[in-house]
Amino acid sequence: MKRALLLALLLLTACHRVEKKDTATEGNGTTTPKPTLKDDGKTLRIFMWSDYIDPEIVKDFETANGVNVVIDTYESNEAMIAKLQGGGASYDLANPSNYVVQTMVRAKLLQPLQKEQLSNFRNLLPGFVNPNFDRGNEYSIPYQFAATGLAYNSARFTPPRASWELIFGQQDTLRFALLDDPREVIGAALKYLGYSVNATKPEELRAARDLLRKTVRKRGFESFAGGPEIRNKLLAGSIDLGQIYVGDLLQGAAENDKLHVFIPREGTTISTDTLVILRGSPNPALARKFMDYVLQPGVSAAISNYTYYGNPNARAQPLLDPFLKDQPAFNPPAGEFASGRIEFINELPRGNPPRLYDRIWTDLKSR
Ligand code: N2P
(Lines give C-alpha, C1' and ligand atoms only; values in the text may rest on other atoms or scores of the structure.)
Protein backbone atom coordinates (compact mmCIF):
# COMPACT_ATOMS: atom_id res chain seq x y z
CA MET A 1 0.00 0.00 0.00
CA LYS A 2 1.30 3.47 -0.80
CA ARG A 3 2.21 5.61 2.17
CA ALA A 4 -0.21 8.36 1.10
CA LEU A 5 -3.04 5.86 0.97
CA LEU A 6 -2.02 4.47 4.31
CA LEU A 7 -2.10 7.98 5.74
CA ALA A 8 -5.55 8.61 4.35
CA LEU A 9 -6.79 5.34 5.80
CA LEU A 10 -5.25 6.13 9.15
CA LEU A 11 -6.88 9.53 9.25
CA LEU A 12 -10.22 8.00 8.41
CA THR A 13 -10.03 5.23 10.95
CA ALA A 14 -8.46 7.38 13.66
CA CYS A 15 -11.87 8.95 14.14
CA HIS A 16 -13.52 5.87 15.50
CA ARG A 17 -11.20 3.93 17.70
CA VAL A 18 -13.23 1.39 19.63
CA GLU A 19 -11.42 1.56 22.91
CA LYS A 20 -13.40 2.99 25.73
CA LYS A 21 -11.51 4.75 28.48
CA ASP A 22 -13.31 5.36 31.71
CA THR A 23 -13.09 9.06 32.36
CA ALA A 24 -13.32 8.48 36.10
CA THR A 25 -9.79 7.13 36.13
CA GLU A 26 -8.29 9.01 33.22
CA GLY A 27 -4.59 9.44 33.68
CA ASN A 28 -3.64 6.08 35.08
CA GLY A 29 -4.52 4.15 31.96
CA THR A 30 -6.92 1.71 33.55
CA THR A 31 -10.65 1.70 33.73
CA THR A 32 -12.91 1.16 36.69
CA PRO A 33 -14.63 -2.22 36.96
CA LYS A 34 -18.07 -2.24 35.49
CA PRO A 35 -20.71 -4.20 37.35
CA THR A 36 -20.49 -7.81 36.17
CA LEU A 37 -22.96 -8.21 33.36
CA LYS A 38 -24.93 -11.36 32.93
CA ASP A 39 -23.54 -13.27 29.98
CA ASP A 40 -25.87 -13.05 27.01
CA GLY A 41 -23.60 -15.21 24.81
CA LYS A 42 -23.48 -12.26 22.44
CA THR A 43 -20.90 -10.04 24.07
CA LEU A 44 -17.14 -10.47 23.99
CA ARG A 45 -15.19 -8.45 26.54
CA ILE A 46 -11.51 -7.82 25.89
CA PHE A 47 -8.99 -6.19 28.23
CA MET A 48 -6.15 -4.93 26.08
CA TRP A 49 -3.15 -2.56 25.80
CA SER A 50 -4.36 0.82 24.47
CA ASP A 51 -4.22 1.64 20.72
CA TYR A 52 -3.46 -1.98 19.93
CA ILE A 53 -6.16 -3.02 17.45
CA ASP A 54 -7.77 -1.80 14.25
CA PRO A 55 -11.42 -0.85 15.02
CA GLU A 56 -12.54 -1.97 11.55
CA ILE A 57 -11.32 -5.48 12.31
CA VAL A 58 -13.40 -5.50 15.47
CA LYS A 59 -16.45 -4.21 13.62
CA ASP A 60 -16.10 -6.92 10.97
CA PHE A 61 -16.03 -9.57 13.70
CA GLU A 62 -19.15 -8.10 15.29
CA THR A 63 -21.02 -8.05 11.99
CA ALA A 64 -19.93 -11.51 10.88
CA ASN A 65 -20.92 -13.11 14.19
CA GLY A 66 -23.82 -10.92 15.26
CA VAL A 67 -22.08 -10.07 18.52
CA ASN A 68 -20.96 -7.03 20.41
CA VAL A 69 -17.27 -6.53 21.35
CA VAL A 70 -16.36 -4.34 24.30
CA ILE A 71 -12.71 -3.35 24.69
CA ASP A 72 -11.28 -1.77 27.83
CA THR A 73 -7.65 -0.72 27.86
CA TYR A 74 -4.64 -0.58 30.17
CA GLU A 75 -1.11 0.82 30.06
CA SER A 76 0.86 -1.82 31.95
CA ASN A 77 0.72 -5.51 32.78
CA GLU A 78 0.77 -4.66 36.46
CA ALA A 79 -2.32 -2.44 36.15
CA MET A 80 -4.10 -5.17 34.17
CA ILE A 81 -3.34 -7.91 36.71
CA ALA A 82 -4.26 -5.69 39.65
CA LYS A 83 -7.64 -4.96 38.12
CA LEU A 84 -8.33 -8.62 37.34
CA GLN A 85 -7.31 -9.63 40.85
CA GLY A 86 -9.42 -6.87 42.35
CA GLY A 87 -12.50 -8.67 41.01
CA GLY A 88 -15.59 -6.85 39.86
CA ALA A 89 -14.44 -6.77 36.24
CA SER A 90 -15.25 -9.66 34.03
CA TYR A 91 -13.48 -10.14 30.71
CA ASP A 92 -13.14 -13.00 28.25
CA LEU A 93 -9.74 -12.16 26.84
CA ALA A 94 -6.67 -10.32 28.11
CA ASN A 95 -3.47 -9.26 26.37
CA PRO A 96 -0.52 -9.88 28.73
CA SER A 97 3.13 -9.60 27.74
CA ASN A 98 5.18 -12.79 27.56
CA TYR A 99 6.83 -12.18 30.93
CA VAL A 100 3.60 -12.20 32.97
CA VAL A 101 1.82 -15.18 31.37
CA GLN A 102 3.12 -17.64 33.99
CA THR A 103 2.47 -15.11 36.75
CA MET A 104 -1.17 -15.12 35.63
CA VAL A 105 -1.25 -18.93 35.41
CA ARG A 106 0.01 -19.18 38.99
CA ALA A 107 -2.53 -16.58 40.11
CA LYS A 108 -5.20 -18.86 38.56
CA LEU A 109 -6.36 -16.10 36.23
CA LEU A 110 -6.18 -18.15 33.00
CA GLN A 111 -7.82 -21.19 31.47
CA PRO A 112 -6.20 -23.48 28.85
CA LEU A 113 -7.02 -22.20 25.39
CA GLN A 114 -7.30 -25.57 23.63
CA LYS A 115 -5.20 -24.59 20.66
CA GLU A 116 -6.26 -27.68 18.69
CA GLN A 117 -9.54 -25.85 18.22
CA LEU A 118 -7.80 -22.90 16.55
CA SER A 119 -7.73 -23.72 12.85
CA ASN A 120 -5.46 -20.76 12.10
CA PHE A 121 -2.85 -21.51 14.77
CA ARG A 122 -0.67 -23.10 12.07
CA ASN A 123 -0.26 -19.67 10.41
CA LEU A 124 2.15 -18.51 13.11
CA LEU A 125 5.86 -18.06 12.50
CA PRO A 126 7.73 -21.03 14.04
CA GLY A 127 9.79 -18.67 16.23
CA PHE A 128 6.61 -17.61 18.03
CA VAL A 129 5.19 -21.12 18.58
CA ASN A 130 5.82 -23.12 21.77
CA PRO A 131 7.61 -20.21 23.47
CA ASN A 132 9.70 -20.64 26.62
CA PHE A 133 7.13 -18.65 28.63
CA ASP A 134 4.23 -20.97 27.68
CA ARG A 135 5.30 -24.43 26.58
CA GLY A 136 2.88 -26.00 24.13
CA ASN A 137 0.94 -22.72 23.93
CA GLU A 138 -1.28 -24.07 26.63
CA TYR A 139 -2.55 -20.63 27.62
CA SER A 140 -1.44 -18.04 25.10
CA ILE A 141 -1.12 -17.17 21.44
CA PRO A 142 1.26 -14.43 20.26
CA TYR A 143 -0.60 -11.27 19.24
CA GLN A 144 2.04 -8.64 18.37
CA PHE A 145 5.51 -7.73 19.55
CA ALA A 146 6.80 -4.38 20.65
CA ALA A 147 10.21 -2.76 21.10
CA THR A 148 10.59 0.37 23.18
CA GLY A 149 12.44 3.47 22.02
CA LEU A 150 12.99 7.14 22.70
CA ALA A 151 10.93 9.65 20.74
CA TYR A 152 11.05 13.36 19.98
CA ASN A 153 9.29 16.03 17.93
CA SER A 154 11.80 17.52 15.48
CA ALA A 155 9.73 20.70 15.20
CA ARG A 156 10.95 21.47 18.71
CA PHE A 157 14.12 19.54 19.37
CA THR A 158 16.49 17.09 17.68
CA PRO A 159 18.66 14.94 19.93
CA PRO A 160 22.39 15.18 19.30
CA ARG A 161 22.90 11.46 20.05
CA ALA A 162 20.73 8.35 19.93
CA SER A 163 21.38 7.49 23.56
CA TRP A 164 19.57 6.93 26.86
CA GLU A 165 22.10 9.47 28.12
CA LEU A 166 19.61 12.17 27.08
CA ILE A 167 17.46 10.99 29.96
CA PHE A 168 19.87 9.35 32.38
CA GLY A 169 22.98 11.52 31.81
CA GLN A 170 23.99 14.80 33.43
CA GLN A 171 21.78 17.15 31.39
CA ASP A 172 18.99 18.76 33.34
CA THR A 173 17.25 20.98 30.82
CA LEU A 174 15.28 18.60 28.60
CA ARG A 175 11.70 17.81 29.58
CA PHE A 176 10.91 14.13 29.39
CA ALA A 177 8.35 11.48 30.31
CA LEU A 178 8.85 7.81 31.08
CA LEU A 179 6.46 4.92 30.52
CA ASP A 180 4.25 4.08 33.47
CA ASP A 181 5.61 0.55 33.27
CA PRO A 182 8.08 -0.84 35.82
CA ARG A 183 9.90 -3.39 33.67
CA GLU A 184 10.33 -0.83 30.88
CA VAL A 185 11.64 1.95 33.11
CA ILE A 186 13.93 -0.25 35.23
CA GLY A 187 14.94 -2.09 32.02
CA ALA A 188 15.99 1.16 30.32
CA ALA A 189 18.09 2.19 33.33
CA LEU A 190 19.72 -1.26 33.42
CA LYS A 191 20.49 -1.06 29.70
CA TYR A 192 22.04 2.42 30.10
CA LEU A 193 24.26 1.03 32.86
CA GLY A 194 25.34 -1.85 30.60
CA TYR A 195 23.34 -4.58 32.40
CA SER A 196 20.68 -7.00 31.20
CA VAL A 197 17.03 -5.89 31.27
CA ASN A 198 16.47 -9.07 33.31
CA ALA A 199 19.20 -8.34 35.85
CA THR A 200 18.81 -10.05 39.22
CA LYS A 201 22.04 -9.11 41.01
CA PRO A 202 21.21 -6.82 43.94
CA GLU A 203 24.17 -4.52 43.19
CA GLU A 204 23.03 -4.01 39.59
CA LEU A 205 19.49 -3.30 40.74
CA ARG A 206 20.77 -0.89 43.40
CA ALA A 207 22.69 1.00 40.69
CA ALA A 208 19.52 1.18 38.56
CA ARG A 209 17.51 2.35 41.58
CA ASP A 210 19.99 5.13 42.40
CA LEU A 211 20.09 6.27 38.78
CA LEU A 212 16.29 6.31 38.55
CA ARG A 213 15.95 8.22 41.82
CA LYS A 214 18.23 10.93 40.41
CA THR A 215 16.37 10.87 37.11
CA VAL A 216 12.91 11.50 38.55
CA ARG A 217 14.35 14.31 40.70
CA LYS A 218 15.51 16.19 37.59
CA ARG A 219 13.69 19.44 36.81
CA GLY A 220 12.84 18.11 33.37
CA PHE A 221 11.05 14.94 34.57
CA GLU A 222 7.44 15.51 33.60
CA SER A 223 5.60 12.30 34.44
CA PHE A 224 5.13 8.56 34.12
CA ALA A 225 2.52 8.00 31.41
CA GLY A 226 1.05 5.46 28.99
CA GLY A 227 2.36 5.20 25.41
CA PRO A 228 -0.47 7.09 23.67
CA GLU A 229 -0.30 9.79 26.34
CA ILE A 230 3.44 10.23 25.73
CA ARG A 231 2.77 10.52 21.99
CA ASN A 232 0.22 13.26 22.72
CA LYS A 233 2.63 15.13 24.99
CA LEU A 234 5.26 15.10 22.24
CA LEU A 235 2.71 16.37 19.73
CA ALA A 236 1.62 19.11 22.10
CA GLY A 237 5.21 20.06 22.85
CA SER A 238 4.89 19.61 26.61
CA ILE A 239 7.94 17.28 26.59
CA ASP A 240 11.11 17.11 24.46
CA LEU A 241 11.69 13.39 24.81
CA GLY A 242 9.54 10.41 25.66
CA GLN A 243 10.21 6.75 26.31
CA ILE A 244 7.59 4.97 24.22
CA TYR A 245 6.53 1.63 22.70
CA VAL A 246 7.62 2.13 19.11
CA GLY A 247 4.22 1.42 17.49
CA ASP A 248 2.50 4.03 19.64
CA LEU A 249 4.90 6.62 18.26
CA LEU A 250 4.70 5.39 14.66
CA GLN A 251 0.91 5.75 14.82
CA GLY A 252 1.52 9.45 15.54
CA ALA A 253 4.31 9.74 12.97
CA ALA A 254 1.86 8.66 10.28
CA GLU A 255 -0.11 11.80 11.04
CA ASN A 256 2.77 14.15 11.82
CA ASP A 257 6.12 13.68 10.10
CA LYS A 258 7.95 15.60 12.84
CA LEU A 259 7.55 12.72 15.25
CA HIS A 260 10.52 10.35 15.32
CA VAL A 261 11.60 7.38 17.37
CA PHE A 262 14.96 5.65 17.75
CA ILE A 263 16.43 2.69 19.56
CA PRO A 264 19.12 4.08 21.87
CA ARG A 265 22.61 2.81 21.10
CA GLU A 266 22.90 1.12 24.52
CA GLY A 267 19.99 -1.11 23.51
CA THR A 268 16.43 -1.62 24.63
CA THR A 269 13.62 -3.96 25.67
CA ILE A 270 11.24 -5.94 23.51
CA SER A 271 8.29 -8.13 24.46
CA THR A 272 5.65 -10.28 22.82
CA ASP A 273 2.11 -9.47 23.82
CA THR A 274 -0.26 -12.41 23.81
CA LEU A 275 -3.95 -13.20 23.89
CA VAL A 276 -5.17 -15.39 26.76
CA ILE A 277 -8.60 -16.63 27.85
CA LEU A 278 -9.39 -15.63 31.40
CA ARG A 279 -10.51 -18.26 33.86
CA GLY A 280 -13.63 -16.25 34.66
CA SER A 281 -14.48 -15.71 30.99
CA PRO A 282 -18.28 -15.63 30.64
CA ASN A 283 -17.94 -16.66 27.00
CA PRO A 284 -14.84 -18.79 26.29
CA ALA A 285 -16.21 -20.16 23.01
CA LEU A 286 -16.60 -16.67 21.60
CA ALA A 287 -13.15 -15.77 22.99
CA ARG A 288 -11.65 -18.70 21.08
CA LYS A 289 -13.48 -17.65 17.95
CA PHE A 290 -11.94 -14.19 18.22
CA MET A 291 -8.48 -15.67 18.74
CA ASP A 292 -8.87 -17.79 15.61
CA TYR A 293 -10.10 -14.70 13.76
CA VAL A 294 -7.01 -12.61 14.59
CA LEU A 295 -4.85 -15.54 13.47
CA GLN A 296 -6.22 -15.18 9.92
CA PRO A 297 -3.44 -13.70 7.75
CA GLY A 298 -5.53 -10.80 6.41
CA VAL A 299 -6.85 -9.88 9.85
CA SER A 300 -3.45 -10.21 11.50
CA ALA A 301 -1.79 -8.02 8.85
CA ALA A 302 -4.55 -5.41 9.05
CA ILE A 303 -4.01 -5.13 12.81
CA SER A 304 -0.25 -4.55 12.40
CA ASN A 305 -0.73 -2.19 9.45
CA TYR A 306 -2.99 -0.13 11.69
CA THR A 307 -1.08 -0.30 14.98
CA TYR A 308 2.52 -0.43 13.63
CA TYR A 309 3.49 -3.30 15.89
CA GLY A 310 5.50 -6.42 15.05
CA ASN A 311 3.63 -9.33 13.51
CA PRO A 312 4.14 -13.01 14.46
CA ASN A 313 2.02 -14.51 11.66
CA ALA A 314 3.94 -16.16 8.78
CA ARG A 315 1.12 -15.87 6.29
CA ALA A 316 0.52 -12.20 7.21
CA GLN A 317 4.10 -11.17 6.34
CA PRO A 318 3.52 -10.63 2.58
CA LEU A 319 0.50 -8.47 3.44
CA LEU A 320 2.38 -6.08 5.74
CA ASP A 321 2.83 -2.51 4.66
CA PRO A 322 6.31 -1.98 3.15
CA PHE A 323 6.64 1.17 5.28
CA LEU A 324 6.70 -1.08 8.34
CA LYS A 325 9.30 -3.45 7.00
CA ASP A 326 11.73 -0.54 6.64
CA GLN A 327 11.39 0.41 10.30
CA PRO A 328 14.28 -1.09 12.26
CA ALA A 329 12.28 -0.72 15.43
CA PHE A 330 9.40 -2.72 13.94
CA ASN A 331 11.42 -5.67 12.72
CA PRO A 332 14.80 -5.48 14.43
CA PRO A 333 17.52 -7.35 12.52
CA ALA A 334 18.44 -10.71 14.07
CA GLY A 335 21.93 -9.43 14.90
CA GLU A 336 20.43 -6.99 17.39
CA PHE A 337 19.10 -9.90 19.42
CA ALA A 338 22.25 -11.97 19.08
CA SER A 339 24.37 -9.06 20.34
CA GLY A 340 22.02 -8.53 23.27
CA ARG A 341 21.41 -4.93 22.22
CA ILE A 342 17.70 -5.67 21.99
CA GLU A 343 16.63 -7.95 24.81
CA PHE A 344 13.35 -9.69 25.50
CA ILE A 345 11.95 -8.91 28.92
CA ASN A 346 11.62 -12.27 30.67
CA GLU A 347 9.76 -13.30 33.76
CA LEU A 348 12.05 -12.85 36.76
CA PRO A 349 13.06 -15.93 38.70
CA ARG A 350 10.78 -16.36 41.68
CA GLY A 351 12.03 -15.30 45.09
CA ASN A 352 13.86 -12.09 45.77
CA PRO A 353 14.25 -10.47 42.32
CA PRO A 354 10.55 -9.61 41.78
CA ARG A 355 10.50 -8.03 45.23
CA LEU A 356 13.58 -5.91 44.40
CA TYR A 357 11.92 -4.63 41.23
CA ASP A 358 8.67 -3.90 43.11
CA ARG A 359 10.56 -1.97 45.75
CA ILE A 360 12.37 0.17 43.18
CA TRP A 361 9.07 0.95 41.47
CA THR A 362 7.17 1.78 44.65
CA ASP A 363 10.03 3.98 45.76
CA LEU A 364 10.05 5.87 42.42
CA LYS A 365 6.30 6.30 42.24
CA SER A 366 6.14 7.69 45.75
CA ARG A 367 8.53 10.55 44.91
C1 N2P B 1 0.26 -0.47 22.92
C2 N2P B 1 1.41 -0.90 23.72
C3 N2P B 1 1.78 -2.28 23.44
C4 N2P B 1 3.12 -2.66 23.86
N5 N2P B 1 -0.18 0.82 23.26
C6 N2P B 1 3.24 -3.05 25.26
N7 N2P B 1 3.98 -4.24 25.45
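The values are calculated or read from the model by the stated rules, or taken from the named source; none is laboratory data. The structure presented is a predicted model; accordingly, all values stated were derived computationally and were not measured. Here the Cβ positions follow ideal geometry from the backbone for every residue, glycine too, while neighbour counts run over all protein chains shown. Each accessible area value is taken on the protein alone, full model and side chains, heavy atoms only, with ligands, DNA and RNA left out. Shrake-Rupley method; radii C 1.70, N 1.55, O 1.52, S 1.80 Å.
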Open item on the list: Greater than 30 Å separation of Cα atoms is the criterion. Which listed pairs, 191/365; 108/191; 191/325; 83/289, meet it?
Closed with: 108/191
- [ ] Compute the separation of the alpha-carbon centres of segment 203-226 and segment 62-83 and state it in Å as a whole number.
- [x] 31 Å
Open item on the list: As I understand it, the value is the acute angle between the Cα axis of helix 352-365 and the longest principal axis of the Cα atoms of the chain; what does it come to in degrees, rounded to 10?
Closed with: 70 degrees
Task: Relative contact order (percent, whole number), the chain, Cα cutoff 8 Å, 6+ residue spacing - done: 25 percent
- [ ] Using a 10 Å cut-off on Cβ atoms, rank the peptides 238-249, 156-167, 130-141 from the highest mean neighbour count down.
- [x] 238-249, 130-141, 156-167
Task: Rg and Dmax [Cα atoms of the chain; Å; Rg one decimal, Dmax integer] - done: 19.7, 57
Open item on the list: With a 1.4 Å probe and all protein chains left in place, how much accessible area per residue does segment 220-364 have, in Å²?
Closed with: 35 Å²
TODO: Would you mind getting me the FRET efficiency between residue 171 and residue 40? Use the beta-carbon distance for r and R0 = 51 Å, nearest 0.05.
DONE: 0.35
Open item on the list: Can you give me the angle between helix 297-307 and the longest principal axis of the chain, using Cα atoms only, in degrees from 0 to 90, rounded to the nearest 10?
Closed with: 30 degrees
Task: Label-reachable residues, segment 342-357, where backbone N falls under 16 Å from a point 7 Å from residue 206's Cα toward its Cβ - done: 353, 356-357
Task: the chain: angle of helix 284-294 to the longest principal axis, Cα-based, in degrees nearest 10 - done: 60 degrees
TODO: Run the accessible area of segment 112-202 with a 1.4 Å probe and give the carbon-and-sulfur part as a rounded percent.
DONE: 48 percent
Task: Amide H within-cut-off set for residue 164, under 5 Å, with H built and near neighbours excluded - done: 265, 266
- [ ] Quantify, in whole percent, the carbon and sulfur part of the accessible surface of segment 312-356 (1.4 Å probe; protein heavy atoms only).
- [x] 57 percent
Task: the chain, helix-only ellipticity at 222 nm - DSSP H runs n ≥ 4, -39,500 (n - 2.57), divided by all residues, nearest 500 - done: -10500 deg cm²/dmol
- [ ] Go through 218-228, 350-360 and give me the packing order, highest mean Cβ count within 10 Å leading.
- [x] 218-228, 350-360
